1. Against the conditions (1) within 21 Å of residue 160 (Cα to Cα); (2) among the aliphatic types (A, V, I, L, M); (3) within 16 Å of the ligand (Cβ to nearest atom), where does residue 295 fall short? Just the number, please.
2. Exactly one of (1) under 19 Å from the mean Cα position of the chain (by Cα); (2) closer than 30 Å to residue 302 by Cα; (3) of a type outside the set (D, E, K, R); (4) within 13 Å of the ligand (Cβ to nearest atom) is unmet by residue 59. Its number?
3. Would you tally the residues in segment 99-120 being closer than 11 Å to residue 177 by Cβ and more than 7 Å from the ligand (Cβ to nearest atom)?
4. Which condition number in (1) free of Cβ contacts under 8 Å to residues at least 24 places away in the same chain; (2) within 19 Å of residue 89 (Cα to Cα) is the one that residue 189 fails?
5. Run residue 194 past the list (1) at pLDDT 95 or above; (2) within 13 Å of the ligand (Cβ to nearest atom); (3) under 30 Å from residue 35 (Cα atoms) and report the number of the one that doesn't hold.
6. Kindly establish whether residue 170 is within 26 Å of residue 295 (Cα to Cα), in contact with a strand residue (DSSP E or B) (Cβ under 7 Å, 6 or more places away or on another chain), within 13 Å of the ligand (Cβ to nearest atom) and in contact (Cβ under 8 Å) with a residue 12 or more places away in the chain.
7. Six or more apart or on different chains, Cβ atoms under 7 Å: show the pairs whose first residue is in segment 221-236 and under 18 Å from residue 201 (Cβ atoms) and whose second is of a type in the set (Gly, Ala, Ser) and at pLDDT 95 or above.
8. Do we have residue 134 as at negative phi, touching a residue at least 12 places away in the same chain (Cβ under 8 Å), of a type in the set (D, E, K, R) and in a helix (DSSP H, G or I) here?
Amino acid sequence: MALYKDISLKEFSYWRVGGKADFLFIVDTILELKEALVYLEKLGLPSIVIGNTTNLLFSDAGVRGGLIKLGPKFSSCQFERNVLTVGGGAYLPYVVRQCVNRGLSGIEHLVGVPASLGGAVYMNAGSQRKSFSDNLISVDSLDENGSLITRSRDECLFSYRNSIFQSNTELVIGAKIRLNFQSKSIIRHECLNILKSRRKKFPRKKPSCGSVFISDPAMYDTFGPPGKVIEDVGLKGYKIGGASISTQHANFIVNDGNAKAIDILNLILLSLDRVQAKTGFRLKSEAKYVSENCALIDADQAALTLLA
Ligand SMILES: Cc1cc2nc3c(=O)[nH]c(=O)nc-3n(C[C@H](O)[C@H](O)[C@H](O)COP(=O)(O)OP(=O)(O)OC[C@H]3O[C@@H](n4cnc5c(N)ncnc54)[C@H](O)[C@@H]3O)c2cc1C
């Protein structure tokens, strides 16, 4: 097990925002996971599981507790014909490449999502109007006692950017994925097209968490997706402190170099209010906020609570 103390979340997290976390544990076995939890329990500190932090906004005050991340031993990919068994720590773009190299199609839409497998299951990540759950057969997780639970796809209660793992405290350690045989060149071509289109649409050079807000089908039908609506209310490029609403895609909030969580929360609150005033719809965030006491809160709710 690797244990780091006083980790700078500004340096470590994907959005490059946040104070210091007391502890970061990288665990490679179930025993190590249990040891990490016992260590924290003795200190009376809470913990939170993280993947690649691509959907997380950490508090400016940091985290009084432990972040737990799956290590390399939880990142293996094993293929049996068209079924992939993959560990919860695996890096999604790597997993997609492994599938492409074997002529296996189905999860190309995830090629540009810089997540871990566990985080992608938890969020039911997706793009191109597809969701990860479309191809999942089953998910393995550990409960608080370290007992292994295997759930079929239906038992994971997947919906748009949601899963049962958002309402329990289990740690996703792996999944089985069903793929389809396809010509390697066709799959490769599809991946390149997806990456090209993402490069054009989304900001890449500045840290972000991807889309901040979830698309609401009712709002979409009348006014369009969140990015268009935020642009229509005049917020594209709007800056608060070190953060701004991307000039490239208004559903992205980028860190211009020295953003604080509070700058991002203020931009979220401004977007919520302006969009509601113009459309009557209340946006909901996809991004999640991690508070100083390790609580995980939807970023829109955090903005409302902290800035009230
Ligand atoms: C540039 C960029 C582009 C993006 N594009 C997309 C996109 O196209 N589609 C999309 O859906 N998302 C996208 N995202 C958002 C993000 O990648 C997804 O939400 C992803 O699923 C988060 O995975 P993660 O490993 O980074 O998890 P984290 O951000 O680390 O964690 C997210 C949540 O998952 C939980 N979690 C993480 N790992 C585990 C585990 N092993 N077991 C249980 N819970 C766990 C955490 O507790 C947390 O609540 C993008 C983000 C960025 C930065």
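The values are calculated or read from the model by the stated rules, or taken from the named source; none is laboratory data. Because the structure is predicted, anything quoted here is derived from the model rather than measured. In this analysis, Cβ positions are derived from the backbone assuming ideal geometry, glycine residues included, and neighbour counts consider all displayed protein chains.
1. It is condition (1) that residue 295 fails.
2. (4) is the only condition that residue 59 fails.
3. Residues of segment 99-120 closer than 11 Å to residue 177 by Cβ: 99, 104, 106-107, 110, 117, 120.
Going one step further and asking which of them are more than 7 Å from the ligand (Cβ to nearest atom), we end up with 99, 104, 106-107, 110, 117.
Final tally of qualifying residues: 6.
4. Result: residue 189 fails condition (2) only.
5. So residue 194 meets the others, but not (3).
6. yes
7. 227/250; 230/250; 230/271; 231/250; 235/250; 235/271; 236/250
8. Details: at negative phi: yes; touching a residue at least 12 places away in the same chain (Cβ under 8 Å): yes; of a type in the set (D, E, K, R): yes; in a helix (DSSP H, G or I): yes.
Against the criterion (at negative phi, touching a residue at least 12 places away in the same chain (Cβ under 8 Å), of a type in the set (D, E, K, R) and in a helix (DSSP H, G or I)), residue 134 qualifies.
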